[in-house]
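Worksheet: the structure to be examined is printed underneath.
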Amino acid sequence: MTTRPLRAFVLLIFVALSSLMLLAQSDCDEACGKPTAWDSLNKFSMRQTDAGQEGYASWRGQFDTQSFDIQFSTDARGPEGNYKGDVLLVGGRVMAVRGNIAPGGYEMDGADAMALNLKLVKRILGEIYPKGPAEIETSKTVDYANQKTGIHLATMSAEGYFAPPWTVSGNIKRTAQNTIEYVLNFSFYQSDRTKSAPPKQESMGLSGELATADNARIPDELSLQGWTILELGVQTTKTKQSTTYDYGAGKTKAKYQTVGDIRKVLAKDDYPGERDDLKDFTGFWKAKCDDAFGLQIMHHGGEGKYSVAFCGPGGCDDPEQSRPTYITKDPHYKVISETEIKTGDTTYHRCTRDTHPVLKYDEGPAPTSRYDRKSWDPQTPRDWEEIRAVPDGTGDGTIHFVVVPESIKRERDYYQRVGDTLCAPRTQCSVYFWTDRTHIPETAWMKVEDLAVSTASFEWFPRYEKPALHLACWLYASKKAGEADGCSYQPGAKQPPE
């Protein structure tokens, strides 16, 4: 997917690699924030301006937490163009667009801009008034500074991070029983990614209203005539050189006459399968039984359903957050036998009935250098694979996700040659490495469990004197050896021995 030139209304998506690095060094539990009392307000009217930039972006809409429906209109005007239109998001998975909300192919950016702005406003208000709208009886003057905790915002396809310190000034007032009006100026510092210049102070204006809508579900009978229908999910872009995967919105061949038609298809996709008392899928499943990660499958409730959670040495996803399934005849699974199932492109084998096995990585020898870069011919067959490349969020660079053989995971020069190959034609480029493709992220935002098993990173920015290559600290025989070699500590990763 190409990078996003939507400065006109994606005013706060400027992160990607540098922000990921900041998050890796900070406590994401704090930066990501917990739900606030402001989250209950599901009707909004928002306007965002960027100091020093022409134009504005505004949104008006509402969302339903039960059906995951969102409906909003957008009006954005700036140097890159004017955009105005309406968006329906049905069940969180199918988007209908009417009008010109973004350049063709970038419709997801239009939705992300709205979602990130709403998250930012609620996060700020939650920091200042943690008890929620109840604290606003009439009018309050806002003068708030946070010196310690950053703000991380994310959707499935975009993200933003504001490092501390940041400040907010302005006022907020209650204009009706369930309506809060705000006018705020949000100031923050944006660091230069090369660290060659001091952080630059920037600011944006945030204004609008937050309220409560009793019924925000999109009516089933609403006609979709004149709307462009897009399905959300992983989109594939192929070129002669590579195949790129990114989460976004793509056109669908399905014909929907009404919103109700979409709901029928979603219900079919959500079908949990059929109960089969002759099989018991309880246990721990892996693509290869010597892997240090896999799927934990346990009984869920008393109806014969299962929870399916991903696990690694750092722990497991919350089973309660998984979609309960019978597995048998669930469209998301193919049952080959009671000990072998397939989901997506991966076939899993039940390696044990123990749902909590000890998971650990291969210790192996210390990192070494075996490859002679001067004698390496780029045209020789390669034993590494680029799984996907995604925009780094700045509009200037790309992040490559690469799988390398297990046998070379401790060899610096190997990573160097791959980085040189991928980043040679670019001015801003990063490469992250894994030995197992199941941990390759879908977007620039990387989960803790995926970062924990990343083996190395290669980074090149225009102002760097030379590329920066860091192997994961857990690959080294000792903490002292790793730090002497400039190793990288990743969140969730095991620590090298003292």
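The values are calculated or read from the model by the stated rules, or taken from the named source; none is laboratory data. Since this is a predicted model, take the numbers as computed values, not measurements. As a convention, Cβ positions derive from the backbone with ideal geometry for all residues, glycine included, and neighbour counts pool all protein chains shown. Remember, those area values only see protein heavy atoms, side chains included, never the ligands or the DNA or RNA. Shrake-Rupley method; radii C 1.70, N 1.55, O 1.52, S 1.80 Å.
Just a few scattered comments:
- Extreme residue, farthest from PHE188 (Cα to Cα), among residues of segment 142-165 that are aliphatic (A, V, I, L, M) and at pLDDT 85 or above: VAL142
- Condition check for LEU89: at pLDDT 90 or above, crowded, with 17+ Cβ neighbours inside 10 Å and outside any helix (DSSP H, G or I): yes
- Residues that are modelled with pLDDT of 75 or more and of a type outside the set (D, E, K, R) do occur in segment 359-376.
- Residue count, segment 184-223 (criterion: under 24 Å from PRO164 (Cβ atoms), open to solvent by 70 Å² or more (accessible area, probe 1.4 Å) and at pLDDT 90 or above): 0
- Candidate set: segment 400-456, residues that are of a type in the set (Ser, Thr, Tyr), open to solvent by 10 Å² or more (accessible area, probe 1.4 Å) and part of a loop (DSSP other than H, G, I, E, B); chosen: the one modelled with the highest pLDDT: THR435
- Listed by first and then second residue, the pairs linking a residue in segment 266-279 that is touching a residue at least 60 places away in the same chain (Cβ under 8 Å) to a residue that is assigned to a loop (DSSP other than H, G, I, E, B) and among the hydrophobic types (A, V, I, L, M, F, W, C), with Cβ atoms under 8 Å apart and 6 or more places separating them unless they lie on different chains, are GLY273/ILE327.
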